[in-house]
Structure formats: structure tokens, C-alpha cells
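Novice: Please read through the structure below; I'll follow up with questions.
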Amino acid sequence: MSFVDFSHVWLAYNDELAAKGQYAVEDISLNVEQGEFIAIVGPSGCGKSTFMKLTTGLKMPTKGKIMIDGAPVTGPLKISGMSFQAPSLLPWRTTVDNVLLPLEIVEPFRSSFKAKRKQYEAKARELLQSVGLAGYEDKFPWQLSGGMQQRASICRALVHEPKMLLLDEPFGALDAFTREELWCALRDLQAAQKFNVILVTHDLRESVFLADTVYVMSKSPGRFVVKRHIDLPRPRDLELTYTPEFTDIVHELRGHIGAMRKTGVAVPQ
């Protein structure tokens, strides 16, 4: 059974738009296997973030069916964690207290948080240390660089051990060197914990380096027009990004997106 299963999913943001046939995404079908890392790329405004809202249950489809982990999606999911381009750490909380936040507000952790705080805090500190933030656990967000804040944001999304991590342009505001460091941190976390990842990005190198499968979305209304398996061996290191095999895939995906920007139609595969 697929972990994520979209079957002919359409979404209009209200009934009036649906009556006019104006959809944000249309006829999306895909299957994501347990533990798979997928990336979604495409032109701005094509519906990538809308797809994320559907996957987390923040939006219900106008037509079609969504199954996650074998159950129909009927509302916001508790089995997912999310991280966005802006880390959104609370400035009055230390780094470790920011990471602990989901455990304070999400059941079944919330009801036992006071009794198990030391245990949960030890887990949060271990997670922060695993992404290179040892020694910064008790610092405040304003004492961290942008890359450090983003590492903490990803830890916060993972502290309750979700089965699925959704990332919406998480590294887009960072410099190239920091971005590549975080690619490796995410690569190592996912390899160790085997959670599913859905990454929305404009960075084709990022998508090819991290993902098992890359999907290309069309212009709005968004639909998947290309599915590209990334047949590069794991574990992947940054040296791979300079090889002909890697750059050929990036250029192939760039060609699909470039063709859509001009004509709205993907290059035939």
C-alpha cells in the first residue's frame, strides 16, 4: 500500500470558482511509497503549496480522494511535520524550547508533557546536536544565524517523530554554502529515521540531490506533467552534484520547465 495516494484530485478554493471550472490544481494522481523522498518543482504560482495543503489535510479536495498512511484524509493530519522558508521561531523561547513546542500542544504528548518534560527535553537536545547545533540549545533565535534557525525549525518539525515531513522552500532564503550544508543534514536525518518527505522547491539541484522522485507541475491550474525517478546511488555527497550524470538530470528538468514557461506544455519524455 502506498503511503500517500492521490486519486484524481481537483481543488477550487470556493464553490463559486468550482462552478466556473477555475481550479488551483487539477486531476492530480500520484503514489508515494513508504519512506520515499519526493520533490515537486515548477513555475511560480503553479499550485505546489496548494498540493502541500491538500497533503496535510488543511484543504479538502473539491473532487477526488486522498489517502495517507492507509486512511482517508478528513482534516489536519497529526502524523506530519512542516517547515517553511521562514523558520518562524518564537523569539522569547530558547532554541530547545522552540523545538519542544509541538510536544506541548499536540496530543498524545501534550497531556504528559509536564510529567515527561525532562525526557522530551533530552530528546530535543539530541536532535539539535544531530544537526550541528550542540552548544546552541539554550540560545535565543536572535543569537542564531539564518541557517541555524532553519536547522532548529526542521528539528521542531521532527521532534514528535512524524511519519511525514513537508518542506515548503525551506532553504530558499539561505546562501548557497549554508543551503548545501542543510541538504546534507536533511539527507542524514531522513536516512536514519526513514520518514517520508515531500519537498517543494525552485532549486533543481536541490531536488535532484535529495529526492528519490521529482515531479514537475504545470502552470496553474497545477497538474503533474513529468515524473522523474532519480537513479543516483545513495548515500549521495556533494561531489555528486559536479558529475555529468547529475547535471544531465538537472538540465533535463530545466528543459521541461523552460518549455512550460513558453508554451504551457511539457517537453515529451
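The values are calculated or read from the model by the stated rules, or taken from the named source; none is laboratory data. This structure is a prediction, so every number in the text was calculated from the model and none was measured. Quick reminder, even Gly has a Cβ in these numbers, built from the backbone with ideal geometry, and neighbours come from all protein chains shown.
Novice: Report yes if some residue within the range 139-148 is more than 18 Å from PRO87 (Cα to Cα) and surrounded by fewer than 17 Cβ atoms within 10 Å (Cβ to Cβ); otherwise report no.
Specialist: Looking for residues that are more than 18 Å from PRO87 (Cα to Cα) and surrounded by fewer than 17 Cβ atoms within 10 Å (Cβ to Cβ), one finds none in the range 139-148, hence no.
Novice: So, one more: Of everything in the range 160-175, what is more than 13 Å from the chain's Cα centre (by Cα) and either acidic (Asp, Glu) or at pLDDT 90 or above (or both)? Give them in sequence order.
Specialist: GLU161, ASP175
Novice: Suppose the filter is farther than 17 Å from LEU253 by Cβ, buried (at least 18 other Cβ atoms within 10 Å of the Cβ) and of a type in the set (Gly, Ala, Ser); does ALA185 pass it?
Specialist: Taking the combined requirement at face value, the residue satisfies it.
Novice: Does LYS63 satisfy the criteria of being over 18 Å from PRO162 (Cβ atoms) and of a type outside the set (Phe, Trp, Tyr)?
Specialist: Answer is yes for this residue.
Novice: Let me ask something else. If only one of VAL25, VAL32 is at pLDDT 90 or above and touching a Cys at 6+ places or on another chain (Cβ under 9 Å), which one is it?
Specialist: Matching residue, one of VAL25, VAL32: VAL25.
Novice: Identify all residues within the range 40-65 that are outside any loop (DSSP other than H, G, I, E, B), surrounded by 20 or more Cβ atoms within 10 Å (Cβ to Cβ) and not hydroxyl-bearing (Ser, Thr, Tyr); write none if there are none.
Specialist: ILE40, VAL41, LYS48, PHE51, MET52, LEU54, listed by residue number.
Novice: Taking only pairs six or more apart or across chains, which ones have beta-carbon atoms under 7 Å, a first residue in the range 243-260 that is closer than 10 Å to VAL208 by Cβ, and a second residue that is in a helix (DSSP H, G or I) and hydrophobic (A, V, I, L, M, F, W, C)?
Specialist: Taking only residues 6 or more apart or on different chains, the pairs are PHE246/VAL208; PHE246/LEU240; ILE249/VAL208; VAL250/LEU204; VAL250/VAL208; LEU253/LEU204.
Novice: How many residues does the range 70-113 contain that are surrounded by 12 or more Cβ atoms within 10 Å (Cβ to Cβ), of a type in the set (Gly, Ala, Ser) and part of a strand (DSSP E or B)?
Specialist: Adding up the residues that qualify gives 3.
Novice: Quick one: what pairs do we get from the range 85-104, first residue more than 11 Å from CYS155 (Cβ to Cβ), second in a helix (DSSP H, G or I) and not hydrophobic (A, V, I, L, M, F, W, C), C-beta under 6 Å, 6+ apart or different chains?
Specialist: LEU90/ASN98; PRO91/PRO141; LEU103/TYR120
Novice: Working only within the range 114-136, note down all residues that are surrounded by fewer than 14 Cβ atoms within 10 Å (Cβ to Cβ), not in a loop (DSSP other than H, G, I, E, B) and not basic (Lys, Arg).
Specialist: ALA115, GLN119, ALA122, GLU126 - these are the residues of the range 114-136 that are surrounded by fewer than 14 Cβ atoms within 10 Å (Cβ to Cβ), not in a loop (DSSP other than H, G, I, E, B) and not basic (Lys, Arg).
Novice: Please enumerate the residues belonging to the range 137-165 that are more than 30 Å from ALA71 (Cβ to Cβ) and in a helix (DSSP H, G or I).
Specialist: Correct list: PRO141, TRP142, GLN143, GLY146, GLY147, MET148, GLN149, GLN150, ARG151, ALA152.
Novice: Quick one: is PHE209 touching a residue at least 40 places away in the same chain (Cβ under 8 Å) and among the aromatic types (Phe, Trp, Tyr)?
Specialist: no
Novice: Hey, another quick one. Would you confirm whether any residue within the range 23-39 is crowded, with 20+ Cβ neighbours inside 10 Å and in contact with a His (Cβ under 8 Å, 6 or more places away or on another chain)?
Specialist: Among the residues of the range 23-39, at least one is crowded, with 20+ Cβ neighbours inside 10 Å and in contact with a His (Cβ under 8 Å, 6 or more places away or on another chain), which makes the answer yes.
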